[in-house]
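Heads up, the thing below is written out as structure tokens.
The values are calculated or read from the model by the stated rules, or taken from the named source; none is laboratory data. For clarity, every value in this text was computed on a predicted model and none was experimentally measured. Backbone-built Cβ (ideal geometry, glycine too); neighbour counts: all protein chains shown. The area values use the complete protein model at the heavy-atom level, side chains included, leaving out ligands, DNA and RNA. Shrake-Rupley method; radii C 1.70, N 1.55, O 1.52, S 1.80 Å.
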Amino acid sequence: MPAASPFKFLDAYGKEDRDIFFGREGEVEQLYELAFESNLTLIYGQSGTGKTSLVQCGLANRFASSDWFNVYIRRNEDINQSLLNTLKAYDIEDKKGGGLKERLKKLREGAQRIKTEEAAEESELLRVLRAVYQHYFKPIYLIFDQFEELFILGSRPEQEAFYRSIAEILETEAYCHIIFIMREESIAQLYDFEREVPTLFDKRMRIEPLERKRTSEVISKTTAKFGITLLNDTIPGQIIELLSEGKGRVELTYLQVFLDQLYQEAAARSSNGVVFTENLIREFGNIENVLGDFLNKQTAIIQSELEKEFPEALSSAAAKVLNTFVTLEGTKRPLERQQVNVGGLSDAQISLVIGMLEKSRILRLEGNRYELAHDALAHQIARQRSAEEVSLLQIARIVRDRYRVYETTRTPLNSNELQLINTYRQQLEEEQLLSPEEWEFVRRSKRANRRRLILLVATVLLIIVSLAALALYSNYQRQEAQRQKQEAQRQEQEASRLLEEVQQAQEQQKAANYEKFFNEGKAAMAVADYSGAMQAFQTALVFDSLRQEARDSLLAAENKLGAGARFGQLIREGDALYNREDNSLYIDALRKYQEALRLNFNNSLAQSKIEATTVKLNAAFDALRDAGDTFFRTGSTFGYQQALESYRQAARIRPGDGYVQGRIREVREKLGE
């Protein structure tokens with residue numbers, strides 16, 4: 001049996017973990033000030049930087065219990081219903097202490113709170129929220145974790161309703177504070193939200209990965225807290241170098257997984273206490289991706305156990321079950337047990353796999369929904385998808401999105417979309433990627449398209465029948481034979497024209513679909529959603545694969561994604577130079593930031609880095625120039641030598657500064673050079 005590890009693995013730190021939460025003291029204070037002075041705070045950062053832990057553990061313990069009543073909300077199926085249900089879970093009527101309710105009533109009467117007809121018209125959400133506040137009499141903090149799910153999984157009506165609710169709460173409920181926690185790549189999706197809530201970005205905080213010094217502190221203090229012996233002081237640095245590939249910064253998710261797995265290996269090797277040694281780390285660390293290796297190892301173990309119980313099970317059963325918990329974009333997808341359907345697997349097989357995934361800490365049960373323990377797992381699973389699997393998910397997304405808004409738009413799938421679905425129908429059915437309701441929507445769309453086609457054919461047949469009747473009448477009326485013949489010819493031409501119009505209409509429909517997805521791609525490019533833009537351009541090419549503009553735009557979106565990676569690399573390299581606090585390295589850091597700015601990817605971030613570095617260089621230049629002046633005024637040979645060195649260092653920062661260059665010439669003359 002593996003040893004029970006004290007590390008958090010992929011779980012976030014909670015309030016009870018205060019004694020083992022290290023390295024974020026400065027961020028906790030900064031976040032406390034933001035949350036205390038504002039009723040709306042936006043927290044964002046890369047996946048794996050510890051955003052949830054900072055709130056659940058750091059911020060929760062910073063507040064006094066009398067000033068903190070936290071309500072955590074996840075989207076589930078609909079964020080608006082989830083918010084209401086979560087607040088209702090604090091069942092005020094069933095709480096003990098009826099006397100308190102009586103005292104609250106008297107307090108309200110003593111404060112002369114007038115209840116008018118407006119109280120009857122207020123929304124159910126506000127009534128429940130106010131009831132919770134009046135019961136507990138504490139500031140309420142509504143914390144929306146993994147807020148990006150609203151944009152990845154939510155519909156437009158759901159988003160708009162949520163924006164209105166938040167705006168109403170902020171306007172009327174002064175006791176209520178709202179905190180949004182989200183991944184930074186989804187920030188561009190907040191444009192419409194900001195129009196409804198203009199203060200959305202006023203109090204925001206980006207959570208940066210821990211630098212090397214604080215990561216080392218986390219390793220040292222955590223292992224000491226758990227009674228783990230580090231053979232020498234170089235162990236933390238060795239772990240950091242191994243996991244960061246020499247870059248000095250480690251994703252906290254990977255660190256926790258590595259320490260967890262290292263602990264279990266060390267505990268298995270020794271019965272006299274857990275010791276982390278250089279040899280153990282070197283031997284255990286010969287893996288390129290600790291989280292990916294962990295996932296693959298556990299998946300293989302679960303597959304093996306499944307095949308022992310069900311010899312006929314698919315060889316990829318465990319991987320297929322895991323895949324259902326990941327969105328097309330590579331993020332977590334919470335599902336209730338009955339929502340997990342995998343082609344070729346029975347309910348018993350699926351239940352067995354889910355149970356083992358939960359036991360191995362890959363899945364966890366939140367309320368009545370299973371979800372992956374961390375987005376980092378979702379990213380690993382998404383990376384292993386084949387091109388065909390991605391295509392199937394994209395088609396399923398098209399059907400799901402169209403079905404979700406069908407009641408509002410009453411627009412069925414068009415013929416091109418139906419043709420695409422029909423091409424992949426067998427795979428879609430085998431993988432059970434569409435629900436029965438969604439398949440029924442496909443069938444209704446087919447019937448609607450068939451009715452349109454029948455109407456066109458009937459029109460043509462009616463024309464043909466009319467021509468036949470005219471021909472008979474022409475036979476009967478011989479004296480008008482020539483005129484009837486000409487009339488028939490005219491009718492035939494008209495029928496041909498109508499047939500051509502039908503064909504043109506079909507081509508126009510294809511062109512309209514192409515333009516729709518192409519414009520969606522351009523819109524996504526405009527808000528820096530390059531992954532969404534690639535998806536839209538690829539769909540546009542399904543309808544017209546020869547359009548060069550879509551091919552060029554797809555290439556541009558791919559390049560933008562590449563630019564984002566290069567931008568992040570330059571910023572990280574610049575930060576590494578900047579954090580060494582060396583005047584000569586500030587210049588190199590500035591060059592990195594300037595190169596990042598030229599990529600035109602996140603100009604505000606790059607500009608802020610340039611400004612901060614410029615301030616450092618200006619301060620260093622002033623200090624060196626003043627030091628040179630001080631040494632120069634001594635009038636001694638030693639003073640002139642020290643002044644020359646200071647002026648030369650200042651000239652490296654500002655080579656074109658006339659004052660410093662003049663001083664260098666004066667000093668050299670004094671020294672007789």
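Taking only pairs six or more apart or across chains, which ones have beta-carbon atoms under 6 Å, a first residue in segment 73-89 that is closer than 21 Å to residue 331 by Cα, and a second residue that is open to solvent by 20 Å² or more (accessible area, probe 1.4 Å) and β-branched (Val, Ile, Thr)?
From segment 73-89, the pairs are 73/86.
Do we have residue 503 as closer than 30 Å to residue 394 by Cα, exposed (fewer than 13 other Cβ atoms within 10 Å of the Cβ) and either among the aliphatic types (A, V, I, L, M) or at pLDDT below 80 (or both) here?
yes
Out of segment 309-330, which residues are open to solvent by 70 Å² or more (accessible area, probe 1.4 Å) and closer than 17 Å to residue 379 by Cα?
329
Among the candidates 558, 573, 549, which residue alone is touching a residue at least 12 places away in the same chain (Cβ under 8 Å), part of a helix (DSSP H, G or I) and out of contact with any Phe, Trp or Tyr (no Cβ under 9 Å at 6 or more places or on another chain)?
573
For residue 273, are the conditions met, namely being open to solvent by 20 Å² or more (accessible area, probe 1.4 Å), in contact with a strand residue (DSSP E or B) (Cβ under 8 Å, 6 or more places away or on another chain) and assigned to a loop (DSSP other than H, G, I, E, B)?
Against the criterion (open to solvent by 20 Å² or more (accessible area, probe 1.4 Å), in contact with a strand residue (DSSP E or B) (Cβ under 8 Å, 6 or more places away or on another chain) and assigned to a loop (DSSP other than H, G, I, E, B)), residue 273 qualifies.
Step by step: first the residues of segment 321-330, then only those that are without any contact (Cβ under 8 Å) to a residue 60 or more places away in the chain and not hydroxyl-bearing (Ser, Thr, Tyr), then the one that is nearest to residue 427 (Cα to Cα). Which residue is that?
Restricting attention to segment 321-330, the residues satisfying the condition of being without any contact (Cβ under 8 Å) to a residue 60 or more places away in the chain are 321-322, 324-326, 330.
Restricting the remaining residues to those that are not hydroxyl-bearing (Ser, Thr, Tyr) gives 321-322, 325-326, 330.
Working: 321: 16, 322: 18, 325: 19, 326: 18, 330: 21 Å.
Going through the qualifying residues, I end up with 321.
Which condition does residue 200 not pass, out of (1) farther than 30 Å from residue 123 by Cα; (2) part of a loop (DSSP other than H, G, I, E, B); (3) under 26 Å from the mean Cα position of the chain (by Cα); (4) not aromatic (Phe, Trp, Tyr), if it passes all the others?
Result: residue 200 fails condition (1) only.
Which residues, taken from segment 125-145, are under 26 Å from residue 57 (Cβ atoms) and open to solvent by 30 Å² or more (accessible area, probe 1.4 Å)?
133, 136, 137, 138, 139, listed by residue number.
Which one is nearest to residue 363 (Cα to Cα) among residues in segment 331-341 that are open to solvent by 40 Å² or more (accessible area, probe 1.4 Å) and in contact (Cβ under 8 Å) with a residue 60 or more places away in the chain?
333
Among the residues of segment 146-182, write down those that are more than 27 Å from residue 403 (Cα to Cα) and either open to solvent by 10 Å² or more (accessible area, probe 1.4 Å) or hydroxyl-bearing (Ser, Thr, Tyr) (or both).
The answer is 167, 168, 170, 171, 172, 174, 175, 177.
Write out, first by first residue and then by second, each pair whose Cβ atoms fall under 8 Å of each other, whose residues are 6+ apart or on separate chains, and whose first residue, in segment 211-222, is touching a residue at least 24 places away in the same chain (Cβ under 8 Å) while the second is open to solvent by 50 Å² or more (accessible area, probe 1.4 Å) and not in a loop (DSSP other than H, G, I, E, B).
211/579
Looking at (1) under 22 Å from the mean Cα position of the chain (by Cα); (2) acidic (Asp, Glu); (3) modelled with pLDDT under 80, find the lone condition where residue 407 falls short.
Result: residue 407 passes all but (1).
Name the one entry in 495, 523 that is closer than 30 Å to residue 183 by Cα and aliphatic (A, V, I, L, M).
Of the residues listed, the single one that is closer than 30 Å to residue 183 by Cα and aliphatic (A, V, I, L, M) is 523.
All but one of (1) modelled with pLDDT of 90 or more; (2) out of contact with any helix residue (DSSP H, G or I) (no Cβ under 8 Å at 6 or more places or on another chain) hold for residue 37; state the number of the condition that does not hold.
(1)
Just checking, which of 306, 295, 291, 357 is under 19 Å from residue 146 (Cβ atoms), assigned to a helix (DSSP H, G or I) and open to solvent by less than 40 Å² (accessible area, probe 1.4 Å)? Walk me through how you get there before you give the answer.
Values: 306 fails: under 19 Å from residue 146 (Cβ atoms); 295 fails: under 19 Å from residue 146 (Cβ atoms); 357 fails: under 19 Å from residue 146 (Cβ atoms).
None of the others qualify; the one that does is 291.
For every residue, the table says whether it meets (1) of a type in the set (Asp, Glu); (2) open to solvent by less than 50 Å² (accessible area, probe 1.4 Å); (3) in contact with a Phe, Trp or Tyr (Cβ under 9 Å, 6 or more places away or on another chain).
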{"residue": "6", "(1), (2), (3)": "no, yes, yes"}
{"residue": "12", "(1), (2), (3)": "no, yes, no"}
{"residue": "31", "(1), (2), (3)": "no, yes, no"}
{"residue": "36", "(1), (2), (3)": "no, no, yes"}
{"residue": "50", "(1), (2), (3)": "no, yes, yes"}
{"residue": "61", "(1), (2), (3)": "no, yes, yes"}
{"residue": "73", "(1), (2), (3)": "no, yes, yes"}
{"residue": "79", "(1), (2), (3)": "no, yes, yes"}
{"residue": "89", "(1), (2), (3)": "no, no, no"}
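Name the pairs: first residue in segment 654-673 and among the basic types (Lys, Arg), second residue in a helix (DSSP H, G or I), Cβ to Cβ under 6 Å, at least 6 apart or on different chains?
654/621; 663/647; 670/640
Can you report the number of residues in segment 654-663 which are touching a Leu at 6+ places or on another chain (Cβ under 9 Å) and open to solvent by 20 Å² or more (accessible area, probe 1.4 Å)?
Of the residues in segment 654-663, 2 are touching a Leu at 6+ places or on another chain (Cβ under 9 Å) and open to solvent by 20 Å² or more (accessible area, probe 1.4 Å).
For residues in segment 1-48 being assigned to a helix (DSSP H, G or I) and in contact (Cβ under 8 Å) with a residue 60 or more places away in the chain, which is nearest to residue 571 (Cα to Cα)?
Taking segment 1-48 as the starting set, the residues that turn out to be assigned to a helix (DSSP H, G or I) are 15-20, 25-37.
Still in the running and in contact (Cβ under 8 Å) with a residue 60 or more places away in the chain: 19-20, 27, 30-31, 34-35, 37.
Numbers: 19: 33, 20: 30, 27: 20, 30: 23, 31: 23, 34: 26, 35: 28, 37: 31 Å.
Taking the candidates together, the pick is 27.
Give the residues of segment 365-391 that are surrounded by fewer than 18 Cβ atoms within 10 Å (Cβ to Cβ), touching a residue at least 24 places away in the same chain (Cβ under 8 Å) and either aliphatic (A, V, I, L, M) or in contact with a strand residue (DSSP E or B) (Cβ under 8 Å, 6 or more places away or on another chain) (or both), sorted by residue number. Steps first, please.
The first filter runs over segment 365-391 and keeps only residues surrounded by fewer than 18 Cβ atoms within 10 Å (Cβ to Cβ), leaving 365-369, 383-391.
When the remaining residues are screened for being touching a residue at least 24 places away in the same chain (Cβ under 8 Å), the result is 366-369, 383-385, 388-391.
Answer for segment 365-391, where residues must be surrounded by fewer than 18 Cβ atoms within 10 Å (Cβ to Cβ), touching a residue at least 24 places away in the same chain (Cβ under 8 Å) and either aliphatic (A, V, I, L, M) or in contact with a strand residue (DSSP E or B) (Cβ under 8 Å, 6 or more places away or on another chain) (or both): 368, 369, 390.
Output the qualifying pairs, or none if there are none: Cβ atoms under 8 angstrom, residues six or more apart or on different chains, first residue in segment 406-418 and touching a residue at least 60 places away in the same chain (Cβ under 8 Å), second residue open to solvent by 60 Å² or more (accessible area, probe 1.4 Å).
So the pair list comes out as 408/157; 414/509; 415/506; 415/509; 416/509; 416/510; 416/542.
Does any residue in segment 153-175 that is within 25 Å of residue 324 (Cα to Cα) come within less than 9 Å, Cβ to Cβ, of a residue that is assigned to a loop (DSSP other than H, G, I, E, B) and acidic (Asp, Glu) six or more places away or on a different chain, and which pairs are these?
Here the result reads 153/77; 154/78; 155/78; 158/78, each pair linking segment 153-175 to a residue that is assigned to a loop (DSSP other than H, G, I, E, B) and acidic (Asp, Glu).
Looking for whichever is over 18 Å from residue 525 (Cα atoms) and within 23 Å of the chain's Cα centre (by Cα) here; the options are 599, 570, 554, 546. Which one fits?
Criteria check complete, one pass: 570.
Among the aliphatic types (A, V, I, L, M) and modelled with pLDDT of 90 or more, is that true of residue 617? Write out each step before concluding.
Numbers: among the aliphatic types (A, V, I, L, M): yes; modelled with pLDDT of 90 or more: yes.
Yes, satisfied.
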